[in-house]
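What follows is a short report on a single structure.
The values are calculated or read from the model by the stated rules, or taken from the named source; none is laboratory data. Everything quoted here is computed from the prediction, not taken from an experiment. Cβ sites come from the backbone with ideal geometry, for glycine too, and all protein chains shown count toward neighbours.
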Amino acid sequence: MSTVPTPGPGEHPVVARMRAHRVDDRQLRIADAITRFAGSMMFVYIHVVVFAVWMLVAESSPWPTLTLVVSLEAIFLSTFVMIGQNRAAVFQQAKADHDFAEQELELKTNTQLTREIHVLTTELHRRAFAQD
């Protein structure tokens, strides 16, 4: 269970909340690690070596088993891509909701300030012209 995160300098509050949520959730940390590794060149190099050794050395007819392994791996990797996309969508929605609330508050504050300035200006004009 995390405490309310304090945004760092220049950090959006939603980013701080999402960062804290990811630190607290072991499944998200595992998904992040897998996604980070699967999106690296090391992942590509390992697969090139493993599949080359498999096709050239380990089996005389690797295609049926290789097709099965590659298909299963593609299913799992596409799932991690979808997890990442879903998390990005949740983040974007939370950020948009936060920004909308902040903009609405700012608009209300600016409207109130404008009204108060109008009242003050009207009063100043009334007093200035009342003395003439």
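Numbers at a glance
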| quantity | calculated |
| --- | --- |
| Matching entry among Val14, Val69 (being free of Cβ contacts under 8 Å to residues at least 60 places away in the same chain and either in contact with a Leu (Cβ under 9 Å, 6 or more places away or on another chain) or of a type outside the set (Asp, Glu) (or both)) | Val69 |
| Top-ranked residue in the stretch 77-115 [being more than 16 Å from Pro13 (Cα to Cα) and surrounded by 12 or more Cβ atoms within 10 Å (Cβ to Cβ); ranked as nearest to the chain's Cα centre (by Cα)] | Arg87 |
| Of the criteria (1) part of a helix (DSSP H, G or I); (2) at pLDDT below 90, which one Asp132 fails | (1) |
